[in-house]
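Structure record follows, encoded as structure tokens.
The values are calculated or read from the model by the stated rules, or taken from the named source; none is laboratory data. Being a predicted model, the structure only gives us computed values, none of them experimental. Positions of Cβ are backbone-derived with ideal geometry, glycine not excepted, and every protein chain shown enters the neighbour counts. These accessible areas exclude ligands, DNA and RNA; they are computed on the full protein's heavy atoms, side chains included. Shrake-Rupley method; radii C 1.70, N 1.55, O 1.52, S 1.80 Å.
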Amino acid sequence: MAPRSAFLASATAIVVIVLVAPPANAVPTAPPKDPIAIGSGGAVSSVDPYATEIGLKVLQGGGNAVDAAVATAAALGVTEPYSAGVGGGGFFVYYDARSRTVHTIDGRETAPEAMAENSFVDPATGQPMPFAEAVTSGLSVGVPGTPATWELALGRWGSIDLKEALRRAAQLAQQGFVVDETFQQQTAANAARFAAFTSTRELFLPGGAPPEVGSVLRNPDLARTYTLLGALGTDYLYEGRLGQDIVATVMQPPVVQGSTLNVRRGLMEESDLAEYRALLREPTLIDYRGLTVAGMAPPSSGGSTVGEALNILESSDLAGLDRSEALHRYLEATALAFADRNRYVGDPDIVDVPLTELLSQGFADERACLIGAMAAAKPVPPGTPDGAYAPCAAAAANAAAAGDAGGLSTTHLTTWDRWGNVVAYTLTIEQTGGSGIVVPSRGFLLNNELTDFNFTPTQGTAPDPNLPAPGKRPRSSMSPTIVLDDGAPVLAIGSPGGSMIITTVAQTLLNRLDFGMPLLDAVAAPRASQRNTAAVSAEPAFITTWQTALSARGHGFVSVAEIGAVTAIEQRDDGQLGAVAEPVRRGGGDAGVVLPEP
């Protein structure tokens, strides 16, 4: 009998003829956006109205939160292709109402077996290669984890199969979507490197320029890819023809003749795809104000760092403090948590991560003793999570590294069904536009996730947990989070934003849980991010409001136009669901419910 990969390759033409529908003649119109929706029967929140609409249709048809999450994510691969898609990875946090338990899937990309600790070091100079050069290359492409995440989630908890979950997104790709200002701006910002690849230029620079706002962008290649994945399963990628095309693209990027970009070849082989697995991991769990906060364990640093920061703040009555004092403590707590993240967190299958101690209240209380009336000089050193804690013990003298700044194109979606199942799902291709390389005739961009590794050691004489290694998953900041009250979900939340995801989620949780802001206000409030750096990254509105008070406490600021793009759903006291998306950031998101309140 011929191997399955051979069957998958030979079956492609037949499946395309049978399953790909002809394009619709009608010109698509963009669905309206609404940052808030209140009602019952289930809810979806994402950064895009097409994706939210598709997720809601799945719920309306009897699907559950997992079904809707996968369908919404697939739609984002069409309309938000610079943020997510088949060529990327992510982290999936799921609350199962029947068992009242939280489960998580690690769909993080992996390094090829040929990757070494010095793979991002320029052999000619012995120095780390330029970051931009590493991004736009085959070298930065990790083995995609998103399709495996979808298949694992649907197989364990879904009520529909992958074919049905991808059906509407395939139709959307075939019919096209209306280009908005955010998509046009992101395309223009990446036009120079997109133009360097024949396949990317053809898809995203029609006529040699970014598509006009209001025009319709169609992606029939992605429609075919979704159709084939649905019909043949993810073996078509991990063991079949699609995987062969990915490897060929990574090893020989389709660079335009005459391009001046130095585009490095990658290291991925077909065996790397065949060995990939999305993994079930135990969630991180901490108690905060009597609630349980469930997050994603390493290789994501989201659950551990958000959790540690909240634990540090547990002893502070933030609601009873002057707001500037509360914000000062928030900034100091996240700096301390980032110091520990940078020193200890990496792929737990490769390095020893002291996760239990990082999330212990004893360790957090010891770290909290370092928060004084004035901001500490940054970077602060990491602590010693060894189980031997004393009040106000001196911190270790080891220097901490600044947080990574990757993941700028990440996206987040949240779903909640009528049975009380909940999904918080953060997915990404890393940079806006990922590696910049579209797989020819496949309609999706490849990630540049491997640039989330540290290129060279950053911890001085201490072991660096985030150096490249064969089969290793780079550390992430993605922080999909579900908050429980007595075992039942009350809030699900997440955000894009690189390492600022962690502070975005933490600050939004404080806004809602400590300061009592309505959820939309908690999401819309100006943000600041302290990741153990000399200055606090903050949005202009935050600086305008708080600079005087916080500067008096020793905080310096650098202005950042936008931080994060939250989507969230909560269980309201009146029994209704409240779904919220960013009202302005990244062009605004869209929230919807199955049965809106009158």
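Using Cα pairs under 8 angstrom and six or more residues apart, how large is the relative contact order of the chain, in percent?
Numbers: 1519 pairs, mean separation 147.2, N = 598.
Relative contact order here is 25 percent.
Placing +1 on the Cβ of every Lys and Arg and -1 on the Cβ of every Asp and Glu, with no other charges, gives region 54-158 a dipole of roughly 580 debye about its Cα centre.
Against the main long axis of the alpha-carbon atoms of the chain, helix 500-509 sits at an angle near 60°. If you sort D464, D485 by accessible surface, 1.4 Å probe, largest first, the order is D485, D464. With a/c under 1.5 counting as rounded, go ahead and sort region 54-187 into rounded, prolate or oblate using the C-alpha gyration tensor (a ≥ b ≥ c being the square roots of the eigenvalues; past the cut-off, prolate if a/b is larger than b/c, else oblate). Oblate, since a/c reaches 1.5 and b/c is not below a/b. Quick one: angle between helix 540-551 and the longest Cα principal axis of the chain, in degrees between 0 and 90, rounded to 10, please. Computed tilt is about 20 degrees.
For K378, no lysines have a Cα falling under 24 Å of its own Cα, not counting residues fewer than eight places away in the same chain. Beta bridges per DSSP, both residues in the chain: antiparallel share near 95 percent. When you restrict to C-alpha pairs under 8 Å that are six or more residues apart and normalise by the size of region 186-293, the relative contact order lands at 22 percent.
Measuring only protein heavy atoms, the 1.4 Å probe finds F183 accessible over about 10 Å². Within the same chain, lysines fewer than 8 places from K57 are excluded, and of the rest, those with a Cα less than 22 Å from its Cα are K33, K163. Based on alpha-carbon atoms, the Kirkwood radius and the radius of gyration of region 276-317 give Rg/Rh equal to 1.09. Charged side chains reduced to their Cβ positions (Lys and Arg at +1, Asp and Glu at -1) give region 124-172 a dipole of some 180 debye around its Cα centre. Across region 279-286, rounded Karplus estimates of 3J(HN,Hα) from the backbone phi angles (6.51 cos²θ - 1.76 cosθ + 1.60, θ = phi - 60°) give 10, 7, 10, 5, x, 7, 9, 9 Hz, Gly and Pro being marked x. Relative to the longest principal axis of the Cα atoms of the chain, the long axis of helix 220-232 makes an angle of roughly 90 degrees. For the set Y236, Y389, the ranking by accessible area, highest first and with no ligand, DNA or RNA atoms included, is Y389, Y236 under a 1.4 Å probe. Relative to one another, the C-alpha centroids of region 250-281 and region 120-158 are positioned 8 Å apart. Dipole magnitude for the chain: computed about the Cα centre from +1 point charges on Lys and Arg Cβ and -1 point charges on Asp and Glu Cβ, it is near 900 debye. Karplus-based coupling profile of region 586-598, in residue order and whole Hz: 6, x, x, x, 9, 10, x, 10, 5, 10, x, 5, x, with θ = phi - 60° in 6.51 cos²θ - 1.76 cosθ + 1.60 and x standing for Gly or Pro. Normalised by residue number, the volume inside the convex hull of the Cα atoms of region 230-310 is 174 Å³ per residue.
Each part gets one Cα centre, and for region 294-346 versus region 348-386 those centres are 9 Å apart. Think of a 1.4 Å ball rolled over the protein heavy atoms: region 489-548 then has 26 Å² of accessible area per residue.
The alpha carbons of region 143-244 stretch over 42, 28, 18 Å along the principal axes, in descending order.
Centre-to-centre, using Cα atoms only, region 37-61 and region 217-235 are separated by 23 Å. Normalised by the number of residues in region 453-598, the average gap of Cα pairs under 8 Å and 6 or more apart makes the relative contact order 18 percent. Taking the accessible area of the chain, probe 1.4 Å, and keeping the other protein chains in place, the carbon and sulfur fraction comes to 53%. With all protein chains kept in place, the per residue accessible area of region 78-196 amounts to 34 square angstrom at a probe of 1.4 angstrom. The C-alpha atoms of region 174-314 occupy a region whose extents along the principal axes are 58, 40, 35 Å, arranged from largest to smallest.
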